[in-house]
Number of protein chains: 2
Amino acid sequence: MKTAASESLGRPVLVQKYGGSSVATAEHIKNVARRVVARHREGKAVVVVVSAMGKTTDSLINLSREITFHPERREMDMLLHAGEIISTALVAMAVAAEGVPSVSFTGQQAGMLTDASHTQARILAVDGARVTEELRSGKVVVIAGFQGVTEQLEVTTLGRGGSDTSAVAIAVGIGAGECEILTDVDGDYTADPRVVEKPLKMPWCSYDEMLELAILGAKVLHSRSVEIARRFDVPILVATSFRDAPGTVICSPERARKEFGAMEEVSVRGIAHQKNVTKVSLVGVPDQPGTAAKIFAGIGKHEVNINLIVQAEHHGGKNDISFLVESSAFLRVSRFLDELVALVGGERAVVDENVATVSLVGEGVQREPGIAARMFTALAREGINIDLISTSNLMITCVIPKDRAEDAVRALHRELFEKGVVQEPRLD
Amino acid sequence: MKTAASESLGRPVLVQKYGGSSVATAEHIKNVARRVVARHREGKAVVVVVSAMGKTTDSLINLSREITFHPERREMDMLLHAGEIISTALVAMAVAAEGVPSVSFTGQQAGMLTDASHTQARILAVDGARVTEELRSGKVVVIAGFQGVTEQLEVTTLGRGGSDTSAVAIAVGIGAGECEILTDVDGDYTADPRVVEKPLKMPWCSYDEMLELAILGAKVLHSRSVEIARRFDVPILVATSFRDAPGTVICSPERARKEFGAMEEVSVRGIAHQKNVTKVSLVGVPDQPGTAAKIFAGIGKHEVNINLIVQAEHHGGKNDISFLVESSAFLRVSRFLDELVALVGGERAVVDENVATVSLVGEGVQREPGIAARMFTALAREGINIDLISTSNLMITCVIPKDRAEDAVRALHRELFEKGVVQEPRLD
């Protein structure tokens, strides 16, 4: 792919991001360096974005907890950003030791400008001038992921998983044509490989499908990185750094059509499930405009995310409104449930912790009407009761009993992928 | 002491530096925070300069060696400066947890501008504006020692022991009246406490004496920090962070006279010794002007430091020139010894590894003629042979056999300090 940067450098520009498990030890770092140098010697201008080594970030967090449970967010950023500086310097040394000139950059040096929302900063701009200059001089540029700097030179971090976001933003900032996220999983699968016996690797997945999969529990990439990639149409390859194996490309359907030759959309891209959810039902809520808005504004101000909303008719002009929250956030929600019931004039709140979701995700999931029927039939065949159903352009989600989640995923995978009908993902 | 900063802030400004052993664990860091907060509550504006925790720097160096034995110096700076960032953020958190607002700064944020000599950068300027601003708002400011930044925003470090230098430079930069170096030793002693049984703590020591002691083996402070303190006349208190005990003040003789009421200089401030030295003698060197210069220029270009130079008459218009080098540098010296002999037209080089130095240091050591005689007599009484003697305004050094070094120190300490004649240092 020709980009502004590749034309100005006379070489294609590649951004590679290596996660913590890929740089966990000196040996891992040398392995990363060999991979980077191989791409450099292929004639690419390589930018490497690095996470902190192994469990460094967790260790630093634990150290801070020995001191205080309420650190200033600014100080957490100061503390944690040191982890990526260490791994970045070591990767740069390892690349140089392989005979290729290299230079390490902090987020600041790489031009990663953010707002001042410490521990969850948003990227305002990436000034790729200095990175491009070093690439032009033939160097591999190694950049500390996860971190940025404000206009006032305050250190910020982008939140957990932020190195993915750094990598995509840097790819955009320097006009790189490719961005690779290298990690300990070798791509995205049609279902959780810990649950189904024969998961199939997706050769590609659209930005929208990936975002939906992430929301519904199949987290391979940080959603923010996918959102940035979508906005600027930068394809992301998710692959493993531990061996050579094809990964999954996340890109636009248009690009996939060109590169993968797919004439038609497949109906279902993958199956996601999540078990760490709790269902809250507000029963007997008067059917008036604005009720749902009240509920979600009320919850939102407590900074709790809602996963799924289903409204069903109760009786006598009243509705039941159900929603899912992450189980870890439920304690916070439980404190204002009565307040919430009063707010909407409902009868009572009912809480069910024994729930899970199982979802089919795909650009064609709604277009092909047979899919929903096959989903419900497959679950019925297993004797799995469906509590709620929610659909969108990209997904069909069923709320089912938590203890049947894995059975449901296996049944749906057999029905939709192992019969070889809906698509032809790779088996490797 | 009134300074520009203390007048502008309405409070006296104190810089405290805590070494690695003082911040080795979360518990140590909490202890440091309590000490800092106590000084803050006394009404001082406190700036804290912090080293990396315990053995962090060594661990990072070892990690780099697992990757390469020849890292770029720039990358070593990038790697190592992370250590101080971690401890600095943690100290700031611990101070805040004690209820006093605090903020941590990298070297860059603290305005520590250096040249680009990576791993041994020299300080060009300290812009104390941001630090002063935070002090004005009532915060304790915690600064990462050992590090700075170039005009091009490249990260630099000041070399080992550089946090002492940072602390003094920051004290100068913000116009602080006091600088405390808090460490695991509680001051400077009249002799190495591991050698003599009853060392006496010096209540004070002049800048020049401290520099001489450091060169001659009694290393309490990094010499660069003492040089900066001398140039700007900032008194340094060396004390321990582990308990409350008076330390040693390093200051000008004038200030000591005022503060300690000493009417007259003491003759001998302390005894230093060093065993990690090797003696090189160039025998039969023609007595021509410029010969010594040739030798030391020749050695200097190999970046080897020389400790002591003694020239003695040989015979027939020829001289023997002896000098000491650190034993660890001797291997490098040995490679160009023949070259050195040829350069000066000498007969041969003789190497003696079985040497040590023992030195008396004090502003009055030369002024009082009896001191030298007492030194030589005390050594003779122990049967310790003196190989070379060198004197300056501030010291008398004898080169003696390495295996008698401790005996010599004990004999001199008895003679000069335990008889209670030359000065009255504290015993606590």
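Among the listed pairs B:K139/B:K258; B:K17/B:K201; B:K294/B:K318; A:K55/B:K30, a Cα-Cα separation exceeding 26 Å is found for B:K139/B:K258. Inter-label distance, B:D115 to B:A293: 2.3 nm, where each label sits 7 Å from its Cα along the C-beta direction. Around A:D208, under 11 Å between beta carbons, what's the net of Lys plus Arg minus Asp minus Glu among the other residues? Neighbourhood net charge equals -2.
Of the candidates B:A245, B:A144, B:A82, which one comes out as most mobile in a Gaussian network treatment of chain B with C-alpha springs shorter than 10 Å? Fluctuation is largest for B:A245.
The residues neighbouring B:D287, those whose beta-carbon lies less than 12 Å from its own, together hold a net charge of -1 under the Lys/Arg +1, Asp/Glu -1 convention. Sorting A:H118, A:H70 by the number of Cβ atoms found within 10 Å of their own Cβ, with the fewest placed first, yields A:H70, A:H118. Within the protein assembly as shown, DSSP assigns beta bridges of which about 65% are antiparallel (rounded to the nearest 5). Restricting the GluC sites (Glu not before Pro) of region B:245-297 to loop positions (DSSP other than H, G, I, E, B) with no more than 14 neighbouring Cβ atoms within 10 Å leaves B:E264. When A:V100, A:V277 are arranged by Cβ crowding within 10 Å, least crowded first, meaning fewest neighbours, the order is A:V100, A:V277. Would you give the gap between the C-alpha center of region B:372-418 and the C-alpha center of region A:367-394, rounded to a whole Å? So the two Cα centres are separated by 94 Å. Of interest is the spacing of the C-alpha centroids, which for region B:112-174 and region A:345-366 amounts to 56 Å. With a Förster radius of 56 Å applied to the C-beta separation of B:R194 and A:D244, the computed FRET efficiency comes to 0.45.
For the peptide B:65-78, the mean number of other protein chain Cβ atoms found within 10 angstrom of a residue's Cβ is 6.
In chain A, the DSSP-assigned H stretches of four residues or longer account for a calculated mean residue ellipticity at 222 nm of -11000 deg cm²/dmol, using -39500 (n - 2.57) per stretch and the full residue count as denominator. Structure remark: mean-square fluctuation, Gaussian network model of chain B, C-alpha springs under 10 Å; the largest value among B:I143, B:I386, B:I400 belongs to B:I386. Spatial offset of region A:7-48 relative to region A:179-197 amounts to 21 Å, using the alpha carbon center of each. Each other copy places its own label point for A:D58 at 2.7 nm from this one, sorted shortest first, where the point lies 7 Å along the Cα-to-beta carbon line. Look at A:T165, A:T132, A:T291, A:T391 and count the other Cβ atoms within 10 Å of each Cβ; fewest to most, that gives A:T391, A:T291, A:T132, A:T165. Between B:R410, B:R243, B:R35, the Gaussian network model of chain B with springs among Cα atoms under 10 angstrom shows the greatest mean-square fluctuation at B:R243. Take B:A372, move 7 Å from Cα toward the beta carbon, and the resulting point lies 10.6 nm from the same point in each other copy, nearest first. Subtracting the Cα-Cα distance of A:N385 and A:N305 from 0.36 nm times their residue separation leaves 26.2 nm of extension gain. Given axes a ≥ b ≥ c from the Cα gyration tensor, I'd like to know whether region A:11-260 is rounded (a/c under 1.5), prolate (a/b larger than b/c) or oblate. Because its axes are fairly even, with a/c under 1.5, region A:11-260 counts as rounded. Cβ under 11 Å from B:L388's Cβ, B:L388 left aside: what net charge do those residues give with Lys, Arg +1 and Asp, Glu -1? My count for the surroundings of B:L388 gives -2. Applying 1/(1 + (r/R0)^6) with r as the Cβ-Cβ distance of A:K55 and A:V351 and R0 = 30 angstrom yields a FRET efficiency of 0.30.
We did not get these values from a lab; they are worked out from the coordinates using the rules stated. Keep in mind that what you see is a predicted model, and the values were worked out from it rather than measured. Note that each Cβ is placed from the backbone with ideal geometry, even for glycine, and that neighbours are counted across all protein chains shown.
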